[in-house]
Amino acid sequence: MTRSKIIIDTDPGIDDAMAIFYAGLCDKLDLIAMTTVFGNVTAEIATRNALVLAETMRQVIPVARGAATPLVQTPNHVSDHVHGVEGFGDMPAQTPKGSALDVPVPEYLCQMINDHPGEIILCPVGPLTNIALALRLDPSIATKVKAVVIMGGGLHSGGNVSDYAEANIWNDPHAADEVFAADWEVVMIGLDVTQKVVCPHSDFTAMLGDAPIIGDFLAQATDFYIKFYQDEVGVDGCQMHDPTAVIATIYPELFKYEHHPIEVCTDEDRIGETRISNDKSRRLAKVAVDVDIAAVKKIFFDTIKTGF
Ligand code: RIB
Ligand code: CA
């Protein structure tokens, strides 16, 4: 079975860790690189954490450090109340053995996509700053990716950091608007579906026997993450935002979609809102509006259990 090449642009981040473990263990995907971005944590911590995740999986995966600030706006505060100061809940900072590539992310993304035309799934699960900068550098990458599948936004769901904005979009609305305006079909895996995929802590402790190392990592990290959802969101479990987006790259049939041109509000009142655009020059985005929750959860945990 041929594996699809995937590059994850990420701000790890606890649900990012789930997404990266899933992609690294999935026999349908070849995680050929990770690029990092500010968001849940600083770009520096995101880069350290991406290296730690690859090493926890005992895999050599190139990591390139990306944008530390948004394109235009003043940076929002990192989400340490959700992901912890070091990005993995109460887990102490770990020092990776390896180091990041010494290459600018926009150039790196353009090079990889131009070297593998039609082959790479680009899966951003953080703010879209790196992706917008890569499009500015070489707009033709929009026509050369196999797919672009983002975790971000929400069409009918409202927001999670305001009534209107989802965190990844809110952290760089200008970049997100440039991404939706580019010449490609953005697959938007947003809060309309990711808020429905909720896992209690027992789901994570249940896999400790099958995957004691990766399972223990996630059980520890989700302790903190689930407490945030219990206390602040009122759900007894965590919303599986980023792994749901990665699963959508290879199991699109588990989702229902609407097709609309999408724009991002960059003004004060509803900044970060993803909404249907009247701009007829924009390509239609494929917006996930429903999901087979049980199937996504089963695919995630069955794959993680193949780890160690
Ligand atoms: O709104 C959820 C998104 O914001 C996820 O990608 C999470 O990791 C944070 O980056
Ligand atoms: Ca993320």
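Here, each number is a calculation from the coordinates, and none is a lab measurement. As the structure is a computational prediction, the values presented were derived from the model and not from experiment. Neighbour counts run over all protein chains shown; Cβ positions are idealised from the backbone, glycine included.
Under the definition of Cα pairs under 8 Å and six or more residues apart, what whole-number percent is the relative contact order of region 77-217?
Relative contact order comes out at 20 percent.
Rounded to whole Hz and in sequence order, give me ³J(HN,Hα) for region 241-247 from the Karplus expression 6.51 cos²θ - 1.76 cosθ + 1.60, θ = phi - 60°, writing x for Gly and Pro.
Result, ordered by residue: 4, 6, x, 4, 5, 5, 4 Hz.
Can you compute 3J(HN,Hα) from phi for each residue in region 126-136, using the Karplus curve 6.51 cos²θ - 1.76 cosθ + 1.60 with θ = phi - 60°, rounded to whole Hz and x for Gly and Pro?
x, x, 9, 4, 4, 5, 5, 5, 5, 5, 5
For LEU208, enumerate residues with amide H under 5 Å from its amide H, sequence gap 5+ or separate chain, H modeled in the peptide plane.
Under 5 Å from the amide H of LEU208: no residue qualifies.
Can you classify region 90-203 as rounded, prolate or oblate using the Cα gyration tensor, where a ≥ b ≥ c are the square roots of its eigenvalues, rounded means a/c under 1.5, and otherwise it's prolate if a/b beats b/c and oblate if not?
oblate
First obtain the Kirkwood hydrodynamic radius of the chain from its Cα pairs, then insert it into the Stokes-Einstein equation at 10 °C and 1.306 mPa s, and state the resulting D in µm² per second as a whole number.
So the translational diffusion coefficient is about 84 µm²/s.
For HIS77 paired with ASP267, estimate the spin-label separation in nm (one decimal), with each label point 7 Å from Cα along the Cα-to-Cβ line.
Each label point is offset 7 Å from its Cα along the Cβ direction, giving 2.8 nm.
Can you give me the long-range amide H partners of ASP9? Hydrogens built in the peptide plane at 1.01 Å from N, cutoff under 5 Å, separation of 5 or more residues or another chain.
Amide H to amide H, under 5 Å and 5 or more residues apart or across chains, ASP9 pairs with THR35, CYS123, VAL125.
According to a simple spin-label model (label point 7 Å from Cα along Cα-to-Cβ), what is the distance in nm between ASP236 and GLU44?
Each label point is offset 7 Å from its Cα along the Cβ direction, giving 4.1 nm.
Multiplying the sequence separation of TYR251 and THR143 by 0.36 nm and subtracting their Cα-Cα distance, what value in nm do you get?
So the extension gain works out to 36.7 nm.
Looking at region 246-308, which GluC sites (Glu not before Pro) are in a loop (DSSP not H, G, I, E or B) and have at most 15 other Cβ atoms within 10 Å?
For GluC sites (Glu not before Pro) across region 246-308 that sit outside H, G, I, E and B with at most 15 neighbouring Cβ atoms in 10 Å, the list reads GLU268.
Could you order peptides 133-141, 111-119, 81-89 by the average number of other Cβ atoms within 10 Å of their residues, highest first?
Going from most to least packed, we get 81-89, 133-141, 111-119.
Quick check: the distance between the Cα centres of region 257-282 and region 193-254, to the nearest angstrom?
Rounded to whole Å, the Cα centres lie 29 Å apart.
Quick one: which residues, 5 or more positions from ASP30 or on another chain, have an amide H under 5 Å from its amide H? H modelled 1.01 Å from N in the peptide plane, none for Pro or chain starts.
Sorted by chain and number, the residues that satisfy this are SER4, LYS5, ILE6.
Quick one: Cα centre-to-centre distance for region 1-40 and region 143-168, in angstrom?
So the separation of the two Cα centres works out to 17 Å.
Expressed in nm to one decimal, what extension gain is obtained for the pair VAL85 and ASP210 from 0.36 nm per residue of sequence separation less their Cα-Cα distance?
Between VAL85 and ASP210, full extension yields 42.1 nm more.
Among 177-184, 236-243, how do they line up from the highest to the lowest mean number of other beta-carbon atoms within 10 Å?
Listed from highest to lowest mean packing, they are 236-243, 177-184.
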